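Comments concern the structure below.
The values are calculated or read from the model by the stated rules, or taken from the named source; none is laboratory data. Small disclaimer: the values here were computed from a predicted structure and weren't measured. Note that each Cβ is placed from the backbone with ideal geometry, even for glycine, and that neighbours are counted across all protein chains shown.
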Amino acid sequence: MLNRDDAISLVRRHVSNENLVKHMISVGAIMKGLATNFREDVQLWELVGILHDIDYEKVGQDWTRHGAVSADMVKDLLPENGLHAIRAHNDQTGYSPKNRLDISLYSADALSGLVVAMGLMMPDKKLLNVKTSSLVKRMKDKSFARGVSRENIYRCVEVGLSLEDFLQIGLVSMQGIASEIGM
């Protein structure tokens, strides 16, 4: 299995949009935090988060292929459970999130957008000043970060986390890589 730096290098070879690269690094950080919480394979979970959107520019607007193509692109680099999670993070592939890894990726993908949006609301645009309580409040405000699926985030309860605990893990995880993503 490749390491984090190799995964990010691979992403940079396939993805030119820097904001998308930052999103993938962010999801990787959240997944690492979740794996630590659940005592799962931290390296695998982080790699799944980093690589989940590697096909984004390749598939364009063909959402029926997004995720499936990512899994094909990294099929020799991850075990089958990681590939399944990548396929299942997009409902349109015909795969559904069914276990802790799958559901965690599905939820973390959405959560990263909420955390970034909240960070951008800060006067200094820094994640270090974001609080979990603010994220909880913004979850209820459907006009805030409209593109973020609250439904996907709420699936965190399926893996045994309260919404507040999930938001806390995600926020702390992203604060740990804030300088890497410019926030």
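Summary of values
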| quantity | calculated |
| --- | --- |
| Breaking point among (1) surrounded by 21 or more Cβ atoms within 10 Å (Cβ to Cβ); (2) at pLDDT below 95, for residue 2 | (1) |
| Selection count where residues are over 13 Å from residue 37 (Cβ atoms) and surrounded by fewer than 21 Cβ atoms within 10 Å (Cβ to Cβ), scope segment 165-180 | 6 |
| Those helices (runs of 4 or more DSSP H) lying entirely in segment 1-85 with at least 2 residues within 19 Å of residue 153 (Cβ to Cβ) and out of contact with any His (no Cβ under 9 Å at 6 or more places or on another chain) | 18-38, 42-51 |
| Of the criteria (1) buried (at least 19 other Cβ atoms within 10 Å of the Cβ); (2) modelled with pLDDT of 95 or more, which one residue 113 fails | (1) |
| In segment 134-157, residue modelled with the lowest pLDDT [restricted to those that are farther than 15 Å from residue 119 by Cα, surrounded by 12 or more Cβ atoms within 10 Å (Cβ to Cβ) and polar (S, T, N, Q)] | 149 |
| Any hit, segment 117-137, residues being in contact with a Ser or Thr (Cβ under 7 Å, 6 or more places away or on another chain) and within 22 Å of residue 164 (Cβ to Cβ) | yes |
| Positions within segment 150-181 being in contact with a Lys or Arg (Cβ under 8 Å, 6 or more places away or on another chain) and among the polar types (S, T, N, Q), in sequence order | 173 |
